[in-house]
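The values are calculated or read from the model by the stated rules, or taken from the named source; none is laboratory data. Please read these numbers as outputs of a predicted model, since none were measured by experiment. Please note: Cβ atoms are built from the backbone with ideal geometry, for glycine as well, and neighbour counts cover all protein chains shown. Ligands, DNA and RNA are stripped out before the accessible areas are found, and what is left, the full protein with its side chains, is counted by its heavy atoms. Shrake-Rupley method; radii C 1.70, N 1.55, O 1.52, S 1.80 Å.
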Amino acid sequence: VSESSSETVAKVPKKRRRRKRRKKSPGAPKHPSSAFLFFSRANGALAYQPENFNEHEHWMTTLSRIWKDMPGEEKKPYVDLCAKDKERYAEEMKTYQRNKTRKSAPSPAVDAPHADEAWVSMIALDN
């Protein structure tokens with residue numbers, strides 16, 4: 001038996017490269033909120049306990065337990081809000097995409113070789 005096989009070699013973990021986050025366009029719509037987020041915004045005081053004021057983890061755990069144990073009928077208002085928010089996001093995204101393609105596409109009037117002549121003739125007809 002060789003000595004190298006009996007020895008264990010400690011593996012050094014490779015450093016992971018962090019992915020750079022893609023920058024969000026400032027005009028892009030906000031993503032829709034989940035039903036739980038609507039619930040937690042509305043009922044944050046339910047989980048608030050003065051002795052655990054600085055423990056955010058405890059607060060979220062309490063809220064998530066309340067949410068998990070809640071029957072479907074009580075969740076329905078928050079699920080409906082979530083559905084409305086998804087519709088809002090879809091509409092805003094359509095508008096955003098439409099406006100984004102319009103801005104990136106060249107305008108035919110600006111790129112026309114004699115665009116100024118067209119405007120001059122239109123002004124002349126109005127007078």
* Check whether at least one residue in the stretch 99-118 is surrounded by 10 or more Cβ atoms within 10 Å (Cβ to Cβ) and modelled with pLDDT of 75 or more, and report yes or no. => yes
* **Contacts under 6 angstrom Cβ, first residue in the stretch 55-82 being in contact (Cβ under 8 Å) with a residue 40 or more places away in the chain and open to solvent by 60 Å² or more (accessible area, probe 1.4 Å), partner hydrophobic (A, V, I, L, M, F, W, C) and in a helix (DSSP H, G or I), 6 or more apart** => Val79/Ala35; Leu81/Phe38
